[in-house]
1. From the phi of every residue in segment 25-32, what ³J(HN,Hα) in whole Hz does the Karplus formula 6.51 cos²θ - 1.76 cosθ + 1.60 yield, where θ is phi - 60° and glycine or proline is x?
2. Give the long-range amide H neighbours of I78: residues separated by 5 or more places, or on another chain, with amide H under 5 Å away, using H modelled in the peptide plane at 1.01 Å from N.
3. Would you grab the residues whose amide H sits under 5 Å from the one on E32? Only those 5+ places off in sequence or on another chain, please, with H modelled 1.01 Å from N.
4. Kindly provide the GluC sites (Glu not before Pro) of segment 1-96 that DSSP labels as loop, not H, G, I, E or B, and whose Cβ sees at most 10 other Cβ atoms within 10 Å.
5. Determine ³J(HN,Hα), in whole Hz, for all residues of segment 9-24 in sequence, where each value follows from phi through the Karplus function 6.51 cos²θ - 1.76 cosθ + 1.60 and θ = phi - 60°; x replaces Gly and Pro.
6. Please identify every one of the trypsin sites (Lys or Arg not before Pro) in segment 29-107 that sits in a loop by DSSP and has no more than 16 other beta carbons within 10 Å of its own beta carbon.
7. With no solvent and one point on each alpha carbon, what is the Debye value of log10 I(q)/I(0) for segment 1-89 at q = 0.18, 0.22 Å⁻¹?
8. What is the Rg over Rh value, at two decimals, for segment 52-105, using alpha-carbon atoms and the Kirkwood definition of Rh?
Amino acid sequence: MANPPLRVAGKYRLLQQLTTTGPIEAYLAQLEGKGKGKALLLRRVSPSLAQNKPTVARFLDEAALTAQLSHPGLVRAIDSGEDVEGGTYFAVYEYVFGESLQALLGAQKARGK
């Protein structure tokens with residue numbers, strides 16, 4: 001996986017790339033400045049696809065929809081927008097430490113469940 005730029009939208013520091021799924025990259029990130037330290041999940045459209053209007057539209061629609069959801073069992077959407085410096089679009093969510101859903105499903109499948 002490629003090394004990410006250090007910052008997104010001037011206020012999020014990318015710490016580690018977690019995954020790339022199609023046109024979307026996911027990173028462990030942190031807010032810089034006031035309130036820094038809390039782990040965040042930052043998803044962004046791959047810079048190579050940031051000019052692809054259908055991809056960007058789907059990404060922004062998803063970010064707007066998830067921002068409207070509120071439930072104790074769901075992670076909270078924190079921010080989204082355009083990263084003018086990086087030339088792409090991003091969405092920021094709470095980060096929940098632990099196994100990924102993919103890992104849990106794989107373990108269950110290995111057990112025959």
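1. 10, 10, 9, 7, 9, 9, 6, 8
2. The list, which skips near neighbours in sequence, is V92, Y93, E94.
3. So E32 has HN proximity to Y12, R13.
4. In loop regions of segment 1-96 (DSSP not H, G, I, E or B), there are no sparsely surrounded GluC sites (Glu not before Pro).
5. 6, x, 9, 10, 8, 7, 9, 7, 6, 9, 6, 10, 10, x, x, 10
6. Those that pass, being in a loop and sparsely packed, are K34, K36, K38, R76.
7. -0.83, -1.22
8. Value, to two decimals: 1.04.
Coordinate-derived values only; no laboratory data. Remember, predicted model here, so these are calculated numbers, not experimental data. Backbone-built Cβ (ideal geometry, glycine too); neighbour counts: all protein chains shown.
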